[in-house]
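One structure below.
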Amino acid sequence: MRKAVTAAALAIAAAAAGGQAHAQSPVARGDYLVNTVMTCQNCHTPKGPNGDIAEMAFAGGLKFDEPPFTVTASNITPDRETGIGGWTEAQLKTFMTTGVRPDGVPVAPLMPTGYYKILTPGDLDAIVAYLRTLKPVRNAVPAPVYRAPMAQEVFPGAEKPADPASLNDRVRRGFYLATIAHCMECHTPMDKGRHLYTTKLGVGGHKFPGPWGESVARNITQHSTAGIGAWSDAEIKRAITHGVRKDGSKLKPPMAFGRYAKMTEADTDAIVAWLRTVPANE
Ligand code: HEC
Ligand code: HEC
């Protein structure tokens with residue numbers, strides 16, 4: 001009898017945790033995804049001395065100068081001329097999951113669309129619904145320059161939309177969240193323009209120069225010395241949400257700790273549960 005009651009209580013708790021997303025309005029869910037886990041503003045909002053320039057939110061941001069391209073993160077507010085106000089919802093959804101714009105021109109793979117194919121239909125709708133509510137800001141960003149052909153690089157496991165029911169499983173939800181957060185894009189080294197996802201997943205190494213000097217993505221595999229295998233769950237969560245390492249030292253940008261700090265406890269727990277499954281490697 002007692003066992004049955006416990007099982008029923010657990011089932012209700014699980015339904016509440018899994019169903020949380022669905023109880024929210026699409027716009028609220030989109031706001032949550034865009035502004036915490038997916039960190040769109042990290043690239044799409046221009047920065048001043050005090051961080052994001054609020055009145056320019058989503059109006060176009062960072063410039064990236066790499067061998068194959070020179071691009072500026074686009075104005076993604078609904079301004080019709082300088083933003084994406086002229087795109088239909090269907091065009092925006094196609095773009096988010098394929099990286100191809102309505103005019104047929106593919107985006108530089110730096111825009112992490114290869115991680116967004118996994119989005120559930122509900123989450124994709126929610127993101128689009130939220131983007132539609134943004135204040136239109138007039139700001140023309142420089143046109144992209146492409147010097148070599150580019151292909152969308154799809155993160156292994158992100159090939160198709162996730163089944164929403166499967167996300168009640170903590171590790172699977174963690175994988176889903178870590179994928180749309182494109183953690184492994186920064187944390188996996190590249191060779192000849194491709195990420196080494198199958199052989200070097202999570203071993204780190206990318207260098208990020210910036211006003212902070214330079215930061216180097218760390219090894220976030222379960223390796224006990226090179227990685228975070230010997231860290232407690234709480235230590236890993238603190239690193240993700242507050243940018244503080246196991247030894248108490250501070251981590252540098254561009255990882256968006258301040259945004260991850262606003263993720264729900266259940267979501268950060270799920271990400272840590274998935275990180276525990278990343279094989280030790282260095
Ligand atoms: C790592 C940086 C980065 C992140 C994170 C990022 N983007 Fe982008 N995005 C870019 C860059 C850079 C471009 C433009 C690249 C180019 O012109 O080839 C772009 C282009 C776009 C475009 C195309 C707009 C146009 O006019 O062509 C849309 C829409 C867009 N991003 C939406 C988003 C959304 C929504 C999110 C979050 C869910 C997001 N981006 C996250 C860097 C990023
Ligand atoms: C834009 C690139 C970028 C993204 C996206 C990113 N990280 Fe990081 N991360 C870094 C860099 C760079 C460092 C190291 C900073 C330093 O050493 O000062 C780091 C450090 C860490 C650390 C600390 C490890 C240690 O040994 O100190 C953890 C844990 C971590 N990241 C996990 C994640 C997870 C989980 C995600 C996705 C939710 C993520 N990162 C997304 C760039 C990124």
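The values are calculated or read from the model by the stated rules, or taken from the named source; none is laboratory data. Just so it is clear, the structure is predicted and the values come from calculations on it, not from any experiment. Methodologically, a virtual Cβ is constructed for each residue, glycine included, from the backbone with ideal geometry; neighbour enumeration extends over all protein chains shown. SASA here: full protein model, heavy atoms, side chains in, ligands and nucleic acids out. Shrake-Rupley method; radii C 1.70, N 1.55, O 1.52, S 1.80 Å.
Which one of ARG218, ARG194 is closer than 22 Å to ALA108 by Cα and either within 11 Å of ligand 2 (Cβ to nearest atom) or modelled with pLDDT under 95 (or both)? Full working, then the answer.
Numbers: ARG218 fails: closer than 22 Å to ALA108 by Cα.
Selected residue: ARG194, the only one of ARG218, ARG194 that is closer than 22 Å to ALA108 by Cα and either within 11 Å of ligand 2 (Cβ to nearest atom) or modelled with pLDDT under 95 (or both).
When the stretch 38-58 is examined, which residues are found to be within 21 Å of PRO211 (Cα to Cα), crowded, with 16+ Cβ neighbours inside 10 Å and under 20 Å from the mean Cα position of the chain (by Cα)? Show your work before the answer.
Pass one, the stretch 38-58, residues within 21 Å of PRO211 (Cα to Cα): 39-54, 56-58.
From what is left, the residues that are crowded, with 16+ Cβ neighbours inside 10 Å are 39-47, 52, 56-58.
The answer is THR39, CYS40, GLN41, ASN42, CYS43, HIS44, THR45, PRO46, LYS47, ASP52, ALA57, PHE58.
Which of (1) within 27 Å of ARG101 (Cα to Cα); (2) surrounded by fewer than 20 Cβ atoms within 10 Å (Cβ to Cβ) is the odd one out, the single condition ALA178 does not satisfy?
(2)
Does the stretch 261-272 contain at least one residue that is without any contact (Cβ under 8 Å) to a residue 40 or more places away in the chain, open to solvent by 40 Å² or more (accessible area, probe 1.4 Å) and within 16 Å of ligand 1 (Cβ to nearest atom)? Lay out the reasoning, then the answer.
So the first thing to find is which residues in the stretch 261-272 are without any contact (Cβ under 8 Å) to a residue 40 or more places away in the chain, and the list is 261, 265, 268.
Adding the requirement that they be open to solvent by 40 Å² or more (accessible area, probe 1.4 Å) leaves 261, 265.
When the remaining residues are screened for being within 16 Å of ligand 1 (Cβ to nearest atom), the result is none.
No, the conditions are met nowhere in the stretch 261-272.
Would you check if ASN219 is outside any helix (DSSP H, G or I) and more than 20 Å from the chain's Cα centre (by Cα)? Steps first, please.
Values: outside any helix (DSSP H, G or I): yes; more than 20 Å from the chain's Cα centre (by Cα): no.
So ASN219 fails the test.
Select from the stretch 59-73 the residues that are open to solvent by 40 Å² or more (accessible area, probe 1.4 Å) and touching a residue at least 24 places away in the same chain (Cβ under 8 Å) and list them in ascending order.
Residues of the stretch 59-73 open to solvent by 40 Å² or more (accessible area, probe 1.4 Å): 62-68.
LYS63, PHE64, GLU66, PRO67, PRO68, listed by residue number.
Out of all the residues in the stretch 78-99, which are among the hydrophobic types (A, V, I, L, M, F, W, C) and open to solvent by less than 40 Å² (accessible area, probe 1.4 Å)?
ILE84, LEU92, PHE95, MET96
Quick one: count up the residues across the stretch 211-239 that are out of contact with any His (no Cβ under 6 Å at 6 or more places or on another chain) and within 16 Å of ligand 1 (Cβ to nearest atom). Explain how you work it out, then say what you get.
Here is the first cut: in the stretch 211-239, the residues out of contact with any His (no Cβ under 6 Å at 6 or more places or on another chain) are 211-216, 218-219, 221-228, 230-239.
When the remaining residues are screened for being within 16 Å of ligand 1 (Cβ to nearest atom), the result is 215.
Residues meeting the conditions: 1.
Just to be sure before I move on: is PRO279 open to solvent by 50 Å² or more (accessible area, probe 1.4 Å), assigned to a loop (DSSP other than H, G, I, E, B), in the same structural domain as CYS186 (by TED's automatic domain parsing) and under 21 Å from ASN42 (Cα atoms) in the structure I sent? Working first, answer last.
On the way: open to solvent by 50 Å² or more (accessible area, probe 1.4 Å): yes; assigned to a loop (DSSP other than H, G, I, E, B): yes; in the same structural domain as CYS186 (by TED's automatic domain parsing): yes; under 21 Å from ASN42 (Cα atoms): no.
The answer is no for PRO279.
Just for the stretch 234-275: of the residues that are assigned to a helix (DSSP H, G or I) and among the β-branched types (Val, Ile, Thr), which one is nearest to HIS187 (Cα to Cα)?
Let us first name the residues in the stretch 234-275 that are assigned to a helix (DSSP H, G or I), namely 234-242, 257-260, 265-275.
Filter once more, so that each one left must be among the β-branched types (Val, Ile, Thr): 236, 240-241, 268, 271-272.
Numbers: ILE236: 15, ILE240: 13, THR241: 16, THR268: 17, ILE271: 14, VAL272: 15 Å.
So the residue we want is ILE240.
Since GLN152 meets every condition but one in (1) outside any loop (DSSP other than H, G, I, E, B); (2) surrounded by 14 or more Cβ atoms within 10 Å (Cβ to Cβ), which condition does it not meet?
If we test GLN152 against (1) outside any loop (DSSP other than H, G, I, E, B); (2) surrounded by 14 or more Cβ atoms within 10 Å (Cβ to Cβ), just (1) comes out false.
Identify, by number, the condition in (1) open to solvent by 30 Å² or more (accessible area, probe 1.4 Å); (2) near ligand 2 (Cβ under 9 Å from one of its atoms); (3) under 19 Å from CYS43 (Cβ atoms) that LYS250 doesn't meet.
LYS250 satisfies every listed condition except (3).
Is it the case that some residue within the stretch 81-102 is away from ligand 2 (no atom under 16 Å from the Cβ), more than 22 Å from ALA158 (Cβ to Cβ) and in contact with a Leu (Cβ under 8 Å, 6 or more places away or on another chain)? If you could, list the steps in order and put the result at the bottom.
Start the filter on the stretch 81-102 by keeping residues that are away from ligand 2 (no atom under 16 Å from the Cβ), which leaves 81-102.
Narrowing the set further to residues that are more than 22 Å from ALA158 (Cβ to Cβ) leaves 81-88, 102.
If we keep only those that are in contact with a Leu (Cβ under 8 Å, 6 or more places away or on another chain) too, we end up with 84.
Checked against the condition, which is being away from ligand 2 (no atom under 16 Å from the Cβ), more than 22 Å from ALA158 (Cβ to Cβ) and in contact with a Leu (Cβ under 8 Å, 6 or more places away or on another chain), the stretch 81-102 yields at least one hit.
Out of the residues in the stretch 221-236 meeting the condition of being more than 10 Å from ligand 2 (Cβ to nearest atom) and of a type in the set (A, V, I, L, M), tell me which one is surrounded by the fewest Cβ atoms within 10 Å (Cβ to Cβ).
Filtering first and then ranking leaves ALA234.
Out of everything in the stretch 197-212 that is more than 9 Å from ligand 2 (Cβ to nearest atom) and either touching a Lys or Arg at 6+ places or on another chain (Cβ under 9 Å) or in a loop (DSSP other than H, G, I, E, B) (or both), what residue ends up being farthest from GLN152 (Cα to Cα)?
Step one: list which residues in the stretch 197-212 are more than 9 Å from ligand 2 (Cβ to nearest atom), which gives 197-201, 203, 205, 209-211.
Okay, now just the ones that are also either touching a Lys or Arg at 6+ places or on another chain (Cβ under 9 Å) or in a loop (DSSP other than H, G, I, E, B) (or both), so 201, 203, 205, 210-211.
Numbers: LEU201: 18, VAL203: 22, GLY205: 21, GLY210: 26, PRO211: 29 Å.
Once the filter is applied, the top-ranked residue is PRO211.
Can you report the number of residues in the stretch 112-145 which are open to solvent by 30 Å² or more (accessible area, probe 1.4 Å), touching a residue at least 60 places away in the same chain (Cβ under 8 Å), assigned to a loop (DSSP other than H, G, I, E, B) and not charged (D, E, K, R)?
6
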